[in-house]
Each structure stands twice: as C-alpha cells, then as structure tokens.
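Since the structure comes first, as structure tokens, the remarks are kept for the end.
The values are calculated or read from the model by the stated rules, or taken from the named source; none is laboratory data. The structure presented is a predicted model; accordingly, all values stated were derived computationally and were not measured. When we count neighbours, we look across all protein chains shown, and the Cβ atoms used for this are built from the backbone with ideal geometry, even at glycine. Remember, those area values only see protein heavy atoms, side chains included, never the ligands or the DNA or RNA. Shrake-Rupley method; radii C 1.70, N 1.55, O 1.52, S 1.80 Å.
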Amino acid sequence: MFKYDRKIIFCSIVFLISSAVLFAKKGEYIPSAVGTIDSHPTIDGGVYHPVKDSKTGPYRINEKTLKGGYKFGRKPTKNELKAWDTDIMADGTGLPDGSGTVEDGEELYEAQCVSCHGDFGSGGGGYPALSKGNAYTQQKSLKNQRNKPDADGPVRVFGSYWPQASTLWWYIRDGMPHTRSKTLKDDEVYALVAYILNINEIKIDGKLVDDEYELTKDKFLKIKMPNADGFEPKIEGKGSLERVRKYYKNPKNFGAIKVAYAKRCMKNCQKKSAKIVGVRNGGISDFHPPLSNKKDKLSVKSSKLDVKKIYKDSCAMCHTDDSMGAPVAGKKADWEAKKKNGGIKGIYKRGIKGLNVMPPKGGAGISDDEFKKVVDYMINLK
Amino acid sequence: MTNTNLHDTSRLNTQKLPAAQKSRREFFKKSAAISVSAVAALSVLDPVKVLADDKAITHHAPWGQHWGDPITKNLYGVPSLYEHNVTRRYTKLLASGNYRAAIAVSPIQDIEGIITPNGLFFSRSHGGTAHIDPNKFRLMIHGLVKKPIVLTLKQLKRYPSVTRTHFLECPANGGQEWRATQYNSLQFAKGFMSCAQWTGVYIKTILKDLGLKPQAKWMLSEGSDNSEMGRTVPIDKVLDDAMIVWGQNGEALRPEQGYPVRLLLPGWEGNLCVKWLKRLEFASEPWYAKEETSKYTALKPTGKAVQHFYANEVNSTVTSPSPEIPWTDLKDGDLIEIEGLAWSGMGTITAVDLSFDGGKNFKKAKLKGLVLPKCWTRWSYMHKYKKGKTLLLTSRAMDDAGYIQPTIDQETSVMGVESVYHRNAIETWEVAKTGEVNHVQIRS
C-alpha cells in the first residue's frame, strides 16, 4: 500500500515538473499540483505527504525516530481500565445493568435539569432543548430550510435528530448535570433517559414510553431512533472506512468544488442576477469587550469587588425566583429558613462547597471572603 | 558607594534640577520661534508646504526622561497597556448560559504573520476551561492494541518530538452567515480560528511499539474536562499526521488549549482535537459521542446530514482592510497593500485571487512568507487607492488537493442554509467611498 502510494506520487511529481516546464512562460510562477495531481487522496479528500529523502512535505525529519523501540509507560491495571473505560457504544457495549422510571426521571429532571433545559426540555438560557414534541413528526422537519423570513427551520433535538440513544445515556452519565458532572447513579441515568424518551414520545419495540414506563437495559437496547438513517457517510459495519473515503472523494457530496489551476474562472464569473446583500437590521454587535482599534492606555480598574455583577453573572439564573427551589434573592424569609441549618455560617459553607446543582460559589471565580460578600448582597439585594 | 549613586533616583527628578529645566525650555521656545518664521517664509513661495511642528518630535517624551521598569517586573511578559483592545471577544449568541459551553474568538484583524500569540488563540469549551495538575495527568492508550499503556506527562514527553505549524479552526467559523451577513466584523465573521506552532509526538510513533491490531478502524479520543469531550477518529488520520501535543508556540499549552496535552489532527475540525486529553481507545466500530452527532453535523436540504465532516476546506479572507481597520485615513492615489489569510485543512495553499467587483473578475494575488500545508498562508496585492470609488473586495483561495472556494450560490445549492458548519464560500468587504469597510455578501 505504502510503496504503491509512493510510486503514484513520484509519477505525478515527474508529470508536474514536465508540465510546469511545458506551460510556464516568461518566468511566471505556476503552482504545482493544483487540480492535476492524481496522488493518493486522504480519507477527508485532501492530499498525503509521504516521507521521502528525510522530508515529509516541507519539513525535515529524523527518520530514525520512526523505527520504534520505545519502552516508556506501563500497562494499565484492571481497576484503572474499569475506572476509565466507561464509554457506551451504539450496540450497548459498556452499558451497565439498571433501570429507571419516567416518574423518577421527571422528579430528578425538575430538581437538577430544568434550570437550564427548561420545562419539559423546551430549552432556554442558551442551553439546548431536549424535545420539541413528537420526535417522529419533528424528524420530518429536517428538510426544512429557513430561506424565507417566515419559514420554519429544521428541529434538531435529541428525539428528532440524534441517530443513537447510547449517546444520550453516555453523555448524561459523564457530562451532566453541567454544574457537577459524574454525580448521577446508573439508575438515575436510566430514569432521566426514560423521561427524555417520554417527552420526545419515543416508541420502543412498538410501545410508547408513557408516563408509567420503566426503562431497563434490555428495553434500552431495542431503541431505534427516528433519524437513525439520517446521516452520511455511513460509518458503522463492514467497509466503513472505504465508504468514508469514497464519500469525500466526491466534492459534490459536501458542497466543495475542484478545478484545474489554469481553468479557474478569472473573468465574468458572476450571474447577471448577482446582488449585494448587506448586514440586515444592524446585525449582531453584542460583542464583549466592544470592538475598538484605539491604542489608548488601559485604565487599570480598581480591584473593588463588584458584587452586583457577580450576582448577575453567576447567581441570578437560579436565585431570581423560586422556580428552582433555591432561596430567592431579597426574600428574607427564604434566607431565614436556610439559617436554621447552621446560621449564616452554614449558608456560606454550603455555598462555598456547592449544593445540589449549585456549583461551588455558583461557579464564580472568587475567594471565600468575596463569596460571603456576594451572599450578603443577595440576602438583602442591596 | 557607587551603588548608592546608581540608585539615587533624585538625579532623575527634573524638579530638583531647575537650572537644567529652564535652559531646556528656553531652547525650545527659541527653536519654535525659528521654525515658525521659517515656515512663514516658505509659505510665501509654496503654501502647500506649511507644516506645524509635531510635539511628539519637538518635545521630550516622558518615557525618555524617566527610568523604565526594572527587569524584575513582569517576569512573564505582558503586552503593552496600549494594546488592550487586541483581545479575544465573545458574544451571547455563541454561548450557553454561564459561558462554560461557549467560544471566545480571535482578533485576526490585528494578528501579524501566521502565528497567533497564545493569549489570543481562540478558545472553545463544552464544560469550561479545566485546570489540570500536570503531576496527576495520565494518558491511557488501550483497546485494539497488543500492548495497552499508561503514560505520565514526563514519560509522554520522552518520545521523539515533532514541531509543526498548523491552523486550528472551529467548523462553525462563518457558520452564522449561511442565510445572510450578520457580523460587520472580521473578528466575528472569521475569527473562530488561530494558527500556532505545535510540539508533540505523532501517534503513529507511539503505536509502533503498542502494536495496532488489524481490526482497529476507529479511535476514541476523550478529554478529562467537565464535559468529558470525546470524538471518534478514523485510523487513516491516526496513522497519517495525528499528534499528541504539549507545546504551543514554544511554551506549554495554555489551559484554554487543553493543558497539559491535547490531540491535534492537522487541518481537521477544532473540536476533533480533543483538549485535556486523557484516553485513546481503538475499536472496530465507531463511537457516537455527544458532540459528533448533536453538533458538528451539517444538515443538507435533502434532510440528510453530513457526519464525520473532518477537514476544514480551503478558505480565505481579506484582513487588511477590514471593518475594524478601515481605509478612512487613506488619500487619493496612495499605494496600499491589500493583505489577507488563506488556509486549507486538505493541503497547501497554491493560489489566491482577488476581486475588486465582488467576484465577477479576479486578479492573481501573491503568496508571501512561509507556505506550509494545513497552515495559515499570507497573501498580498498592491493597490493604488482611488478615493471616492466603492470597491467590493473578494478573495478566493485554491489548495494542492485541487479545491477552490465556492461562491455563496454554489455552496448553498448543495448544502442549503441549515448546515451551520463548514461554510467556506468567498466573502466580500465593501469599501465605501469614505474608506469605511462593511461586510456584504454577493448572492444571485
């Protein structure tokens, strides 16, 4: 394979040199290769640089480094593999035994997920939606294009878009809840997955995941997602890599264009209908810090703690109202109730450590003393 | 004794030297009078040449009359206080909630050459920037290899190193503008990318001793961050130029770039280059990690989405002028260099053409500096500026895999307007009569 590649590349180089000599005129630089080289393409549709004469592309290398013989490191122990090799594959490899009900899942969701993902997975606050209703109906929206102002777009949520349910299970266990990941037990993950299947109205083996449903490993392995066949190139099964290589060999598959250097359009390349379209309605300009090319001296801000800003950035999302069950900023009764457990010191302590879905100090990168000042501000909201 | 004199700061305090100060002031008064009369005399002959004296030249600058900082200050250097506007920037549109799953983009309008300083390198994470204790860093390589392995950072760095200059680009670069222009800014329109000199080891070098089994077709790379970011890589790339890197522009990776170690797949989507790397596993079937199906797939009008969309295709932009740094200060007839960047994840840039009429007609631009595979490449075009004339500057690059940038119409005819990722159509700056620069698109 390797020798074969080298031969082809060598032949192409010879061809290119001769063609460059034939077509070059008056010292004009003509790039080699463009659109003419028939070299071994890479899996992504690009070109490959073999090692030749201690060089690979424009870089020189020490070929002796390629021979191997290194003995660094050690074998992982069984327990180490068990601790880290926890990924879950589409066929269920790695999926632990367990079960969970939609009912338990909803309860967990309300406690740990709703603040970011919204009621019934509707999304919000910049975090992704988990459902937009019946997944089988929404899957049909994937052909939608918002090319007119009033057009509906495609719905790309778990139920309507994701090809494999294993992704959901794996991600919830390892990445959720976002503020303190890897804290859910396997049965809790099953329950949350059951709830998310429920709000997407997914059917397993012909049976709707209704409010009474209990998800088990066996049932999970039978899930076929509505959009399982919605992706190209196909990457599973026999001949997968060959399919990927073939897919990216054809520029038409992914909106790319190949052309010979000498044949690219240089004159009259546009349709007569070509129009200039500017930024609409002022566009997006909510940039932080605001754009500026001024070379003025940075005024060193006083290091005074801006409690209001910290509250807004790190605390307000959950403490603005009681929808999260968190004590409401400025509502004294809520905080008095919390004081029953260890007084104000107890509140500080729990906040510094983090509680339920609240990350340590609400995720604000401040010192313990600064955090206490933010809490004091929150209690009175002044 | 001499030391005492050396550190006697009062010697530099001009207030304590009134005589010297006074004579100096008088000298300036005199020279000002002379130059004014000289100018007056000249003006009779040629009024165009009347020039006022520049105080930046005729007066002593404060930094020339006082001690500068001792070398003991800023032992790790920081940019001039005057450069504070050259910085990464973010916007709410590109962020989840509390900016932990978000992006800060690179000020490419201000970056010189082909190397992005580490503090300005664009930064994207899915669960916040992790801060890893290098003493507790472990890399596990296992699965379909004959000899699975665990490496400490020190052991990893014992492998023979390679240093390569490659750009790294988020495939969502330009991805908010499939339907229309949204950003009147180069930083936001094209700054989801940066370019650095990376140092690490080829994975194929490590695998030589571990013995890859013939059934191995895919590699899972997994990060140790809060989101446990993972992606599946085909074996072709692993055995070609995939690297495990620890060095960035001569120093350790920054935390935002995955300190102490990240995967680098030259030319491929930034998210595939998993940061805070902890594990590589080889298998015969691919994984379906969250970010490789929920995101980073390009939905076409057929309803099918491209998955495993690896390489960032050939692309280019005009960096000077830009909406941020316009031509409002230019005079009619000024000779000015139009400059830009070109890059391709599939090979080496071979040509850049520049259009002054939005892509109707093109002229050949010159490449300049180092021209390396899968790397930012600078290009240049010398232009005589005509004040009061509107220009539509459009650059178009080609690479040695044979690709050329499509027009917006050509790309959307295949990909539609919902793909989000991998938008590499030609882009246009409108240079207004005043020299102001605006982002526009040319569509039929």
Pick from the range B:205-254 the residues that are of a type in the set (G, A, S) and open to solvent by 40 Å² or more (accessible area, probe 1.4 Å): which of them is nearest to A:I61 (Cα to Cα)? B:G250
When every residue in the range B:358-412 that is without any contact (Cβ under 8 Å) to a residue 24 or more places away in the chain and more than 26 Å from A:T42 (Cβ to Cβ) is compared, the one nearest to the chain's Cα centre (by Cα) is B:K368
Of the residues A:K297, A:K258, which is open to solvent by 60 Å² or more (accessible area, probe 1.4 Å), at the interface with another protein chain (Cβ under 8 Å from one of its Cβ atoms) and at pLDDT below 90? A:K297
Test for B:P171: is it under 30 Å from B:E285 (Cα atoms), free of Cβ contacts under 8 Å to residues at least 12 places away in the same chain, part of a loop (DSSP other than H, G, I, E, B) and not assigned by TED's automatic domain parsing to the domain that holds B:P326: no
So, first residue at the interface with another protein chain (Cβ under 7 Å from one of its Cβ atoms) and open to solvent by 10 Å² or more (accessible area, probe 1.4 Å) in the range B:285-301, second residue in a loop (DSSP other than H, G, I, E, B) and among the basic types (K, R), Cβ within less than 7 Å, six or more apart or across chains; the pairs are none
Among B:A401, B:A397, B:A432, which is the only one that is within 30 Å of B:K295 (Cβ to Cβ) and out of contact with any Gly (no Cβ under 8 Å at 6 or more places or on another chain)? B:A397
Scan the range B:120-138 and report the pairs whose first residue is within 27 Å of B:A95 (Cα to Cα) and whose second residue is open to solvent by less than 50 Å² (accessible area, probe 1.4 Å) and assigned to a strand (DSSP E or B), with Cβ atoms within less than 6 Å and a gap of 6+ or a chain change. B:F121/B:S194; B:F122/B:V105; B:F122/B:S194; B:S123/B:A104; B:R124/B:I103; B:H126/B:A101
Selection count, the range B:345-373, where residues are in a loop (DSSP other than H, G, I, E, B), open to solvent by less than 50 Å² (accessible area, probe 1.4 Å) and at the interface with another protein chain (Cβ under 8 Å from one of its Cβ atoms): 9
I'm told A:K219 meets every condition in (1) on the phi < 0 side of the Ramachandran plot; (2) within 11 Å of another protein chain (Cβ to nearest Cβ); (3) open to solvent by 60 Å² or more (accessible area, probe 1.4 Å) except one. Can you identify the failing condition by its number? (2)
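Mind listing whichever residues of the range B:139-159 are under 30 Å from the mean Cα position of the chain (by Cα) and either free of Cβ contacts under 8 Å to residues at least 12 places away in the same chain or open to solvent by 30 Å² or more (accessible area, probe 1.4 Å) (or both)?
B:K154, B:K157, B:R158 - these are the residues of the range B:139-159 that are under 30 Å from the mean Cα position of the chain (by Cα) and either free of Cβ contacts under 8 Å to residues at least 12 places away in the same chain or open to solvent by 30 Å² or more (accessible area, probe 1.4 Å) (or both).
To keep it simple, each residue is scored yes or no on (1) closer than 20 Å to A:A129 by Cα; (2) in a loop (DSSP other than H, G, I, E, B); (3) not small (G, A, S).
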{"position": "A:S181", "(1), (2), (3)": "yes, yes, no"}
{"position": "A:D187", "(1), (2), (3)": "no, no, yes"}
{"position": "A:Y190", "(1), (2), (3)": "yes, no, yes"}
{"position": "A:D218", "(1), (2), (3)": "no, no, yes"}
Residue list for the range A:141-195, filter: open to solvent by 50 Å² or more (accessible area, probe 1.4 Å) and within 17 Å of the chain's Cα centre (by Cα): A:R156, A:T179
Among residues of the range A:43-72 being among the hydrophobic types (A, V, I, L, M, F, W, C), at pLDDT 90 or above and open to solvent by less than 40 Å² (accessible area, probe 1.4 Å), the residue farthest from the chain's Cα centre (by Cα) is A:I61
Enumeration of residues in the range A:82-136 that are small (G, A, S) and closer than 30 Å to B:E281 by Cα: A:A83, A:A90, A:G92, A:G94, A:G98, A:S99, A:G100
Looking only at the range A:234-255, filter to residues that are in a loop (DSSP other than H, G, I, E, B) and over 14 Å from B:E285 (Cα atoms); which one of those is nearest to the other protein chains (Cβ to nearest Cβ)? A:G255
Regarding B:K278, is this residue within 9 Å of chain A (Cβ to nearest Cβ), basic (K, R) and open to solvent by 10 Å² or more (accessible area, probe 1.4 Å)? yes
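Is it the case, given these coordinates, that A:A333 is surrounded by fewer than 18 Cβ atoms within 10 Å (Cβ to Cβ) and at pLDDT 85 or above?
Working: surrounded by fewer than 18 Cβ atoms within 10 Å (Cβ to Cβ): yes; at pLDDT 85 or above: yes.
Yes; evaluated as a whole, the condition is true for this residue.
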Quick check on the range B:391-423: of everything there that is of a type in the set (G, A, S) and within 7 Å of chain A (Cβ to nearest Cβ), which residue is surrounded by the fewest Cβ atoms within 10 Å (Cβ to Cβ)? B:G416
Pair list, Cβ under 7 Å, 6 or more apart: the range B:305-334 residue assigned to a loop (DSSP other than H, G, I, E, B), other residue among the β-branched types (V, I, T) and open to solvent by 10 Å² or more (accessible area, probe 1.4 Å): B:V314/B:I404; B:T328/B:T434; B:L330/B:I336
Of all residues in the range B:205-221, how many are within 7 Å of chain A (Cβ to nearest Cβ) and assigned to a strand (DSSP E or B)? 1
Output the number of the condition that A:W335 fails; it satisfies all remaining conditions of (1) within 33 Å of the chain's Cα centre (by Cα); (2) touching a residue at least 40 places away in the same chain (Cβ under 8 Å). (1)
Looking at (1) among the polar types (S, T, N, Q); (2) surrounded by 12 or more Cβ atoms within 10 Å (Cβ to Cβ); (3) within 13 Å of chain B (Cβ to nearest Cβ); (4) closer than 30 Å to A:G118 by Cβ, can you tell me which one A:N281 breaks? (2)
When you scan the range A:187-202, do you find a residue that is small (G, A, S) and touching a residue at least 12 places away in the same chain (Cβ under 8 Å), even just one? yes
Would a scan of the range A:82-89 turn up a residue that is touching a residue at least 60 places away in the same chain (Cβ under 8 Å), in a loop (DSSP other than H, G, I, E, B) and touching a Ser or Thr at 6+ places or on another chain (Cβ under 7 Å)? yes
Tell me whether the range B:247-262 contains one or more residues that are touching a Ser or Thr at 6+ places or on another chain (Cβ under 8 Å) and among the hydrophobic types (A, V, I, L, M, F, W, C). no
What tally of residues in the range A:91-140 results from selecting those that are open to solvent by less than 40 Å² (accessible area, probe 1.4 Å) and either of a type in the set (A, V, I, L, M, F, W, C) or within 14 Å of chain B (Cβ to nearest Cβ) (or both)? 18
Residue count, the range B:184-204, condition open to solvent by 10 Å² or more (accessible area, probe 1.4 Å) and either in contact with a helix residue (DSSP H, G or I) (Cβ under 7 Å, 6 or more places away or on another chain) or assigned to a strand (DSSP E or B) (or both), comes to 4
